[in-house]
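This report refers to the structure that appears directly beneath it.
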Amino acid sequence: MIRLRHEGIRASIHPLGAELCQLSSAATGLEYLWSGDPAWWGKFSPVLFPIVGTLRDDHYQYRGTTYTLPRHGFAREKVFRAETISEAEALFTLEDDESTVDGDLFGLQP
C-alpha cells in the first residue's frame, strides 16, 4: 500500500489497479471514500481502462476479427508499478504483459 499525506489529506493507494483505497482528513479522520465493504462492493475506486461498463457478451469486432474485453476493461486487475513516491505524490505505471503486448486486447493487430 502506498501512503501519501499532503496539506491535511491522507491517501492510500493499492498497486493492484492503482486503486485509491483511502482518502481522509488528517485532522479529523473523516473518510471521503466508500469503505469497501465486501458485503456490498469490495472495491474502492479502481482504474477502469480502456472502457467503463460492459460490452455486449464481453466482445467487440475490429477489422473483421472478434476480441474479448471484460467489464470495465483490464487495468483494475493488473498490478501497477509505483515509479515515483514522495510524501505527497505517487506516479504509477502499467506495463504490458502477455495479455496486452501483442495488441490482441485492443484489436490493434491487423
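The values are calculated or read from the model by the stated rules, or taken from the named source; none is laboratory data. Given the structure is predicted, the values throughout are model-derived calculations rather than measurements. All Cβ positions, glycine included, derive from the backbone under ideal geometry; neighbour counts span all protein chains shown.
Among the residues of region 32-60, which ones are part of a strand (DSSP E or B) and either touching a Pro at 6+ places or on another chain (Cβ under 8 Å) or without any contact (Cβ under 8 Å) to a residue 12 or more places away in the chain (or both)?
Filtering region 32-60 down to residues part of a strand (DSSP E or B) leaves 49, 59-60.
Correct list: His59 only.
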Would you point out the residue of region 92-110, among those that are more than 22 Å from Thr66 (Cβ to Cβ) and surrounded by 12 or more Cβ atoms within 10 Å (Cβ to Cβ), that is modelled with the lowest pLDDT?
Leu94
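Can you tell me which residue is modelled with the highest pLDDT among those in region 72-88 that are in a loop (DSSP other than H, G, I, E, B) and either polar (S, T, N, Q) or surrounded by 10 or more Cβ atoms within 10 Å (Cβ to Cβ) (or both)? Give the steps one after another, and end with the answer.
As a first pass, look at region 72-88 and keep what is in a loop (DSSP other than H, G, I, E, B): 72, 74, 78, 80, 86-88.
In the following step, the residues that additionally are either polar (S, T, N, Q) or surrounded by 10 or more Cβ atoms within 10 Å (Cβ to Cβ) (or both) were identified as 72, 74, 78, 80, 86, 88.
On the way: His72: 90, Phe74: 87, Lys78: 92, Phe80: 95, Ser86: 92, Ala88: 91.
Restricting to residues being in a loop (DSSP other than H, G, I, E, B) and either polar (S, T, N, Q) or surrounded by 10 or more Cβ atoms within 10 Å (Cβ to Cβ) (or both), the top hit is Phe80.
Name the residue, out of Glu19, Glu31, that is crowded, with 17+ Cβ neighbours inside 10 Å and of a type outside the set (Gly, Ala, Ser). It would help to see each step written out before you state the result.
Details: Glu31 fails: crowded, with 17+ Cβ neighbours inside 10 Å.
Result: Glu19 is the single residue among Glu19, Glu31 that is crowded, with 17+ Cβ neighbours inside 10 Å and of a type outside the set (Gly, Ala, Ser).
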Please state which of the following conditions Leu69 fails to meet, knowing it meets all the rest: (1) over 14 Å from Leu20 (Cα atoms); (2) at pLDDT 90 or above; (3) among the hydrophobic types (A, V, I, L, M, F, W, C).
(2)
Please state which one of Ser12, Ser24 is small (Gly, Ala, Ser), in a strand (DSSP E or B), surrounded by 14 or more Cβ atoms within 10 Å (Cβ to Cβ) and free of Cβ contacts under 8 Å to residues at least 12 places away in the same chain.
Ser12
